[in-house]
Amino acid sequence: LRAHAVDMNGNKVENPIDLYIYVIDMNDNRPEFINQVYNGSVDEGSKPGTYVMTVTANDADDGTTANGMVRYRIVTQTPQSPSQNMFTINSETGDIVTVAAGLDREKVQQYIVIVQATDMEGNLNYGLSNTATAIITVTDVNDNPPEFTTSTVSVPPSARGWADSRRVVGVLGAGPSWSAGSRHWAEMGLPTSTCARALARSHFSFSQPKGPREKIQHFAAARAAVDYEMNRAFMLTVMVSNQAPLASGIQMSFQSTAGVTISVTDVNEAPYFPTNHKLIRLEEGVPTGTVLTTFSAVDPDRFMQQAVRYSKLSDPANWLNINATNGQITTAAVLDRESDYIKNNVYEATFLAADNGIPPASGTGTLQIYLIDINDNAPELLPKEAQICEKPNLNVINITAADADIDPNVGPFVFELPSVPSAVRKNWTITRLNGDYAQLSLRIMYLEAGVYDVPIIVTDSGNPPLYNTSVIKVKVCPCDENGDCTTIGAVAAAGLGTGAIIAILICIIILLTMVLLFVVWMKRREKERHTKQLLIDPEDDVRDNILKYDEEGGGEEDQDYDLSQLQQPETMDHVLNKTPGVRRVDERPIGAEPQYPIRPVIPHPGDIGDFINEGLRAADNDPTAPPYDSLLVFDYEGSGSTAGSVSSLNSSSSGDQDYDYLNDWGPRFKKLADMYGGGEED
């Protein structure tokens, strides 16, 4: 601080001086660890004095005094095995080191040490303290050789009695344990010095799991298929070793061997078809019941007395039968190569072979039948319709044929005209172009326009050949100079003459005229109905019409009323409790219910009138049927009226009032104008 000395008038009496205030530290801050949890590790079997980790605590007090001088110590150790003081800590630096021998990961894998930091140079009576946790993991070293715990493995095969490739068939334990995934995992292999061991190597392999285990477990896996009928057991010599050598000071072998016996368990295997897919060839069209082949399966269970039964699994066209006992295939229908079920001349069917084992097993086999074509389809003429001019040498018709068979049962085709009827060869002729095409043309100079059915015989080249008589519809029509049918000619070729066309047009016109006359008559009748005269003269018709206007509603004085008076009561309590006398119009009177007539179940037509009259009479005499005859009760509307009194209005027949304006209101008010206005008739 800077101090100034002045007199009462503020004048300086001395030079200013500086005053220094020193703050003396007090122990008001605890030591604080940088981390609450420290992680460290140490190898098992480490010698005393081996460094583990360092813990650090800071004190905010003055470090030059005892207030900021921190000292460390170990409070507890968990577990206290094999000694309660396995570690010690440097009180000034916080370094943790081993102090005793006997660290063994196989016994204790982790220690939890509570470390305390105290200021005042570690004085527990005056200093402030804080604690932290040190987790010390004991790491594995290769100090244990592997040992086998299992020497016999039984192998149950899978489907068909074979063990699948890479299938796990057993577990060989090798202990004691190491840390999973470390360098000290055991490696397992097979010696290859003898032929028997070479056979075992070809069937089995060994691997170890990747996950942690209390003991290393090596998996023996089937590398190749094993069959109970071929080998009932395998004798193996297995060796296990470490990837890393044993730790220094361990006087033991780093590998171990064991004899392993793998027994193959017999199970029910599925029958199988030795030839799958089986292909046979035969001609189409074989008769029903023909034996095609025997499609039998083999049961690999030689030591089991089992029977195999056969059945169809897939037969799209239902053409085949199979003998359930011996698998003999016979035809159930005629096989047709041209069927939609044939793909590339091959028909496929699937059969099932099942044994009677426990549990039963089954296998499938596919039979492929290649059908050889025979000439069983006659050719068909194409096209079915054509058009030609009525005069020859203008155009011709190109014809061909289609055959569902394949070569050599198709073309070349032979086209010819039949001899019956004779008019066919008289009017038409066929000219061969090649093996598949020919031309149809007119033989005569002129043929009347119309539609003609021309039969043509088409024969294929099969053995034996097949023929078919097909009919082609030919339209003969007049043509223009380009050889095209004219419009009139096309109509004439359709079989209609000029007279027929005119008759059709006249009928259409008559029909349209009748429809038009009917529409005009309906419109006129509707107009007459609207313009029909009244039965009396319009001047004497004084009937008024009810005109509907928009209703604007009442004024403010009309809004104060009780709506409940207009509502139909839901119960009859207010009627029963009311004194006799006045009742409302909407109240149902109390009295005996009238007896209405009952309509017969099967009424006679003559009884309908009597039934209606009796019902009408009962309704007229029913006092409980609305509308009710009763005194009408109105609500009080209040006093006063803005309309004034109507008593001052009096009628007069003196004729002083002028009613001539009624003549201007139209014919509906003419009668009233004549009565009061004194019209022309007066």
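Tabulated values for the structure
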read-out	value
Selection from region 304-356 of residues that are basic (Lys, Arg) and more than 14 Å from residue 271 (Cα to Cα)	312, 337, 343
Some residue of region 33-41 being part of a loop (DSSP other than H, G, I, E, B), under 16 Å from residue 90 (Cα atoms), open to solvent by 60 Å² or more (accessible area, probe 1.4 Å) and touching a strand residue (DSSP E or B) at 6+ places or on another chain (Cβ under 6 Å)	no
Meets criteria (assigned to a loop (DSSP other than H, G, I, E, B), within 30 Å of residue 231 (Cα to Cα), at pLDDT below 90 and under 37 Å from the mean Cα position of the chain (by Cα)) for residue 300	no
Residue within region 470-482 that is under 56 Å from the mean Cα position of the chain (by Cα), among the hydroxyl-bearing types (Ser, Thr, Tyr) and assigned to a strand (DSSP E or B) present	yes
For residue 125: the one exception among (1) of a type in the set (S, T, N, Q); (2) open to solvent by less than 30 Å² (accessible area, probe 1.4 Å); (3) free of Cβ contacts under 8 Å to residues at least 24 places away in the same chain	(2)
Residues that are of a type in the set (Asp, Glu) and under 60 Å from the mean Cα position of the chain (by Cα), drawn from region 1-49	43, 44
In region 404-437, residue nearest to the chain's Cα centre (by Cα) [restricted to those that are of a type in the set (Gly, Ala, Ser) and closer than 25 Å to residue 338 by Cβ]	404
Those strands (runs of 3 or more DSSP E) lying entirely in region 352-461 with at least 2 residues open to solvent by 40 Å² or more (accessible area, probe 1.4 Å) and farther than 30 Å from residue 309 by Cα	380-382, 385-389, 397-402, 414-416, 428-432, 450-459
Every residue from region 324-344 that is open to solvent by less than 60 Å² (accessible area, probe 1.4 Å) and without any contact (Cβ under 8 Å) to a residue 40 or more places away in the chain	324, 327, 329, 339, 342
Near pairs, Cβ below 9 angstrom, 6+ apart or cross-chain, from region 462-486 (in contact (Cβ under 8 Å) with a residue 60 or more places away in the chain) to any residue that is of a type in the set (Lys, Arg) and not in a loop (DSSP other than H, G, I, E, B)	485/475
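Residues are listed down the side, and each one gets a yes or a no for (1) surrounded by fewer than 16 Cβ atoms within 10 Å (Cβ to Cβ); (2) of a type in the set (Val, Ile, Thr); (3) within 20 Å of residue 352 (Cβ to Cβ):
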| site | (1), (2), (3) |
| --- | --- |
| 277 | yes, no, yes |
| 282 | yes, no, no |
| 287 | yes, no, no |
| 292 | no, no, yes |
| 296 | no, no, yes |
| 311 | yes, no, yes |
| 314 | yes, no, yes |
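The values are calculated or read from the model by the stated rules, or taken from the named source; none is laboratory data. The structure presented is a predicted model; accordingly, all values stated were derived computationally and were not measured. Every residue, glycine among them, receives a Cβ derived from its backbone with ideal geometry; neighbour counts consider all protein chains shown. What goes into the accessible areas is simple: the full protein's heavy atoms, side chains included, and nothing from ligands, DNA or RNA. Shrake-Rupley method; radii C 1.70, N 1.55, O 1.52, S 1.80 Å.
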